[in-house]
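Heads up, the thing below is written out as structure tokens.
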Amino acid sequence: MAYGWRGVVGMVSPTYRVGNLEEFVRLLPEGIGVIPLHGGAVRGGTEAELRRALEVAEEQVALLADLGVDLITVDGAPPFMLQGYRGADEAVARLEKKHGKPVLATHTSHLEAFQVLGVRRIAGVTYFPNDLNRKFGQFFAEAGYEVAAMEGYPTAFTDAGKIPPEEIYAFAKRVFQQVGGADCVYMMGAGWHPTPIVAMLERDLGVPVVAALPAKMRAVLKRLGVQHTYQGCGRLLELT
């Protein structure tokens, strides 16, 4: 049977990290194809790189549109969030209008996850420095959410993928408890890999967890019109 008979996703990544693509493909239901492209604009995680990433990504979006994919995902929430809430949505609209294809930005999948889970107050954790985290928190405040925390795990951007899941669990739990709880734990960034501990953290804290991969997967399946449910990946994917 040919690949992509249920839809083809073009995936634009701003980094050259390993893990994100592999995890995404592993979770995809049968019949969905992927064409991945890497812009490579973001290597050190600096604000200057993040702001330039959308400019670089547009070249990949144009190529994927020419290839005739059904959906284009532009990964990396920070490049959009740094445009501000309205600016982020305007950037997506410009890409869709110019290239004639639906574009799913990471921030969009996160906001949709909050909506379906009924989230209003978020306790956020990232692996970015707190000067950037304040700007990410402002993005969500502009979107109408109460940001109880947006705290960065102390690591180099290039080492985010090396953080053990159990340390992500402990960090997220500590931040959540320090702020007196929230409607969800928000784990920003595709560079680390919290999926193995999402369901466990949800059980222990009694609230849902919104992480990059499950949020992206749910949004992709919704746009492709594919029904598929998961077990052990957290509450969000159990609702698809």
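None of the figures in this text is laboratory data; all of them are computed from the coordinates on show. Everything quoted here is computed from the prediction, not taken from an experiment. Cβ placement follows ideal geometry from the backbone for every residue including glycine, while neighbour counts extend to all protein chains displayed.
Values computed for the structure shown
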read-out: Number of positions in the range 94-121 that are surrounded by 23 or more Cβ atoms within 10 Å (Cβ to Cβ) and of a type in the set (Val, Ile, Thr); value: 2
read-out: Pick from the range 1-26, criterion buried (at least 22 other Cβ atoms within 10 Å of the Cβ) and of a type in the set (A, V, I, L, M), ranking: farthest from GLY40 (Cα to Cα); value: VAL9
read-out: Criterion (touching a strand residue (DSSP E or B) at 6+ places or on another chain (Cβ under 8 Å) and among the β-branched types (Val, Ile, Thr)) met by exactly one of VAL56, VAL61, VAL42; value: VAL61
read-out: Residue list for the range 191-204, filter: farther than 13 Å from VAL125 by Cα, of a type in the set (A, V, I, L, M, F, W, C) and touching a helix residue (DSSP H, G or I) at 6+ places or on another chain (Cβ under 6 Å); value: ILE197, LEU201
read-out: Scan of the range 27-36 for residues that are in contact with a Lys or Arg (Cβ under 7 Å, 6 or more places away or on another chain) and buried (at least 18 other Cβ atoms within 10 Å of the Cβ), ordered by number; value: ILE32
read-out: Boolean, GLN83 is of a type in the set (S, T, N, Q), buried (at least 16 other Cβ atoms within 10 Å of the Cβ) and touching a residue at least 40 places away in the same chain (Cβ under 8 Å); value: no
read-out: All positions within the range 1-33 that are within 18 Å of GLY189 (Cα to Cα) and out of contact with any Leu (no Cβ under 9 Å at 6 or more places or on another chain); value: THR15, TYR16, ARG17, VAL18, GLY19, LEU21, GLU22, VAL25
read-out: Residue match in the range 154-166 (condition: over 19 Å from PRO14 (Cα atoms), touching a strand residue (DSSP E or B) at 6+ places or on another chain (Cβ under 6 Å) and in contact (Cβ under 8 Å) with a residue 24 or more places away in the chain); value: no
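Yes or no, residue by residue, for (1) under 24 Å from THR73 (Cβ atoms); (2) touching an Asp or Glu at 6+ places or on another chain (Cβ under 9 Å):
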{"position": "ASP159", "(1), (2)": "no, no"}
{"position": "LYS173", "(1), (2)": "no, yes"}
{"position": "ALA182", "(1), (2)": "no, yes"}
{"position": "MET200", "(1), (2)": "no, no"}
{"position": "VAL209", "(1), (2)": "yes, yes"}
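Listed here are the residues, each with its yes/no results for (1) in contact (Cβ under 8 Å) with a residue 24 or more places away in the chain; (2) closer than 25 Å to ASP183 by Cβ; (3) not small (Gly, Ala, Ser).
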position: HIS99; (1), (2), (3): yes, no, yes
position: HIS107; (1), (2), (3): yes, yes, yes
position: GLY118; (1), (2), (3): yes, yes, no
position: GLY124; (1), (2), (3): yes, yes, no
position: ARG134; (1), (2), (3): no, yes, yes
